[in-house]
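Enquirer: If you scroll down you'll find the structure; I have some questions about it.
Here, each number is a calculation from the coordinates, and none is a lab measurement. A quick note: this is a predicted structure, and the numbers were derived from the prediction, not measured. Using ideal geometry, Cβ is built from the backbone for each residue, glycine included, and neighbour counts are taken over all protein chains shown.
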Amino acid sequence: MRAVLDTNVIVSAVLSPGNPPDSILRASHRGALDLITSAPLLRELEDVLGRPRIAERLGWTPEERASFIAALTDFAAIVAPRRKLQVVKADPADNRVLEAAVAGSVDYVVSGDRHLLDLSTYDAIPIVSSARFAAILAASQR
């Protein structure tokens, strides 16, 4: 199974160990899920993890943040979207998630973002919450 995790899912995973986003990220790390991302999504993740409020909660040094992102790129497939999308007008940054999903031919987009979740699908790709995807992933591993 292939999935793009929105930045908010990854941030939630590192801020709250044991929650559904954390279980999804761990599944991808152990190879139970093919995690797909892109350079724009990785830049966004780096930016969000460095925001003062989040950086303070994590307590990570800049080196630890860089190490986390490097580790993520070790087990994620990085795609280079060729097409710019303008699907989500209210939050254009959300289009980067859809671009990676299409470029990576994923089975799911996992997000906590209302703009994406309200779409429910894009290009026949289901867009689901982390709780829903954790249940799908668990059921597929039985």
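Enquirer: Sort 108, 122 so that the residue with the fewest other Cβ atoms within 10 Å of its own Cβ comes first and the one with the most comes last. Intermediate results must be reported in sequence, preceding the final value.
Expert: Values: 108 22, 122 18.
Listed from fewest to most nearby Cβ atoms, that is 122, 108.
Enquirer: Output the peptides 52-61, 3-12, 38-47 sorted from most to least packed, where packing is the average of other Cβ atoms within 10 Å over each peptide's residues. Show your work: numbers first, answer last.
Expert: Numbers: 52-61: 11.9, 3-12: 24.8, 38-47: 17.6.
Peptide ranking by packing, descending: 3-12, 38-47, 52-61.
Enquirer: I've got another one for you. I'd like the projected area of the chain, averaged over all directions, using the convex hull of its alpha carbons. Report it in nm² with one decimal.
Expert: On the way: hull surface 32.2 nm².
Average of the hull's projected areas for the chain equals 8.0 nm².
Enquirer: Next up: For segment 2-140, calculate the relative contact order in percent as a whole number, restricting contacts to Cα pairs under 8 Å that are 6 or more residues apart. Don't jump to the answer; show the numbers that get you there.
Expert: Details: 199 pairs, mean separation 43.6, N = 139.
Across segment 2-140, relative contact order equals 31 percent.
Enquirer: When DSSP beta bridges are limited to those with both residues in segment 2-140, what percentage is antiparallel, rounded to the nearest 5? The partial results should precede the final answer.
Expert: On the way: 2 of 13 bridges.
Around 15 percent antiparallel, to the nearest 5.
Enquirer: Right, something else. Provide the per-residue ³J(HN,Hα) series for segment 67-79, in order, calculated from phi with Karplus coefficients 6.51, -1.76, 1.60 and θ = phi - 60°, each as a whole number of Hz, with x at glycine and proline positions.
Expert: 5, 4, 5, 4, 5, 4, 5, 5, 10, 9, 8, 9, 9
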